[in-house]
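See structure below.
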Amino acid sequence: MNTGKGLYIEGADFGYNNNSTQLYQKFGCTYAGDGNASGNIQTVTGQIGTIADGLSYDYLYGQGPDSYVDYITENGGTLFFEDHTTRGRAIVYDGPSEEYRAIHSTFIFGALRDGTNHKNELMNVYAEYLSSGPVGIEEYEANDEVDNLSLYPNPARQTVNLRFSLPHPRRVTIKVYNSAGQLVRQLMDKRLTTGQHQLVWDGTDKSGRRLSSGCYVVRINADEKVLSRVITLVK
């Protein structure tokens with residue numbers, strides 16, 4: 001994901017393959033090891049005082065995504081997830097002069113398992129961190145530009161109903177992004193009148209193909225103000 005001033009990257013071998021590059025230095029971490037062929041991560045636990053404080057997830061231990069998962073240490077950034085062996089697996093970084101924000105996760109988001117905490121909670125945390133504050137896209141209260149925003153059902157098996165109201169006429173764009181920050185569908189780009197509006201999305205991409213199960217970010221832009229919500233698709 002690259003939002004201009006917010007960077008997100010995940011990958012078990014990102015550090016192994018790129019730790020000497022300029023790109024790797026953007027993430028405020030140091031590559032500490034390549035991990036094992038299998039059996040690297042049973043769980044990840046959010047560290048106290050970080051963006052993941054109170055969050056924990058099981059992982060696909062010993063399965064495909066658990067192969068040679070890098071472990072990392074802080075190098076200007078803040079470690080926010082450790083695995084069951086207390087090795088660092090994810091770091092946030094505000095840049096050398098808070099000029100951008102970055103998240104690097106060595107584990108694969110899609111391999112986390114919902115339990116006490118759900119992945120959509122974490123995706124909301126990621127989206128808020130990357131898009132808030134002085135270095136990101138401005139977030140705003142719902143009653144500023146968009147009122148009564150709801151996405152339902154969530155999780156959704158087939159169609160998603162998106163409902164909102166506008167206190168004033170606005171040009172509105174609605175786009176859907178996957179967990180890697182890639183645009184998968186634009187749902188709307190038009191000027192709307194004051195009042196209630198509803199949109200139904202069938203869970204397909206721009207080519208009409210059904211999207212795979214996972215978390216997606218629905219981003220609403222109303223006259224340059226941006227609001228993001230996470231929707232989970234399940235089969």
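Condition check ((1) more than 10 Å from CYS29 (Cβ to Cβ); (2) more than 20 Å from the chain's Cα centre (by Cα); (3) not assigned by TED's automatic domain parsing to the domain that holds PHE109) across all residues:
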position	(1), (2), (3)
TYR61	yes, yes, no
THR73	no, yes, no
THR78	no, no, no
THR85	yes, yes, no
ASP94	yes, no, no
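Within the range 200-235, the set of residues being in a strand (DSSP E or B) and among the β-branched types (Val, Ile, Thr) comprises VAL200, THR204, VAL217, VAL218, ILE220, VAL226, VAL230, ILE231, THR232.
Scanning the range 34-49 for residues that are assigned to a loop (DSSP other than H, G, I, E, B), touching a residue at least 40 places away in the same chain (Cβ under 8 Å) and under 21 Å from TYR126 (Cβ atoms) yields a single hit, ILE41.
Taken over the range 212-224, the criterion of being buried (at least 16 other Cβ atoms within 10 Å of the Cβ) and over 15 Å from the mean Cα position of the chain (by Cα) is satisfied by ILE220, ASN221, ALA222.
The combined condition, being under 19 Å from ASN120 (Cα atoms), surrounded by 15 or more Cβ atoms within 10 Å (Cβ to Cβ) and hydrophobic (A, V, I, L, M, F, W, C), is not fulfilled by VAL234. Just name the residue that is nearest to GLY76 (Cα to Cα) out of those in the range 5-28 that are part of a loop (DSSP other than H, G, I, E, B) and touching a residue at least 40 places away in the same chain (Cβ under 8 Å). Filtering first and then ranking leaves GLY28. If the condition is being part of a loop (DSSP other than H, G, I, E, B) and modelled with pLDDT under 90, then the range 182-199 contributes only GLN182. Looking at ASP83, ASP70, just one residue is touching a helix residue (DSSP H, G or I) at 6+ places or on another chain (Cβ under 8 Å) and acidic (Asp, Glu), and that residue is ASP70. For TYR31, the criteria (1) touching a residue at least 24 places away in the same chain (Cβ under 8 Å); (2) closer than 17 Å to GLY77 by Cα; (3) out of contact with any helix residue (DSSP H, G or I) (no Cβ under 9 Å at 6 or more places or on another chain) hold in every case but one, which is (3).
If only residues of the range 176-196 that are touching a strand residue (DSSP E or B) at 6+ places or on another chain (Cβ under 7 Å), closer than 15 Å to ASP223 by Cβ and in contact (Cβ under 8 Å) with a residue 24 or more places away in the chain are counted, the one that is surrounded by the most Cβ atoms within 10 Å (Cβ to Cβ) is LEU192. Listed here are the strands (runs of 3 or more DSSP E) enclosed by the range 63-181 that have at least 2 residues being closer than 30 Å to LEU199 by Cβ and modelled with pLDDT under 85: 147-152. Taking the numbered list (1) more than 20 Å from the chain's Cα centre (by Cα); (2) crowded, with 17+ Cβ neighbours inside 10 Å; (3) part of a loop (DSSP other than H, G, I, E, B) in turn, TYR31 passes all entries but (3).
The values are calculated or read from the model by the stated rules, or taken from the named source; none is laboratory data. Source: prediction; values computed, not measured. Positions of Cβ are backbone-derived with ideal geometry, glycine not excepted, and every protein chain shown enters the neighbour counts.
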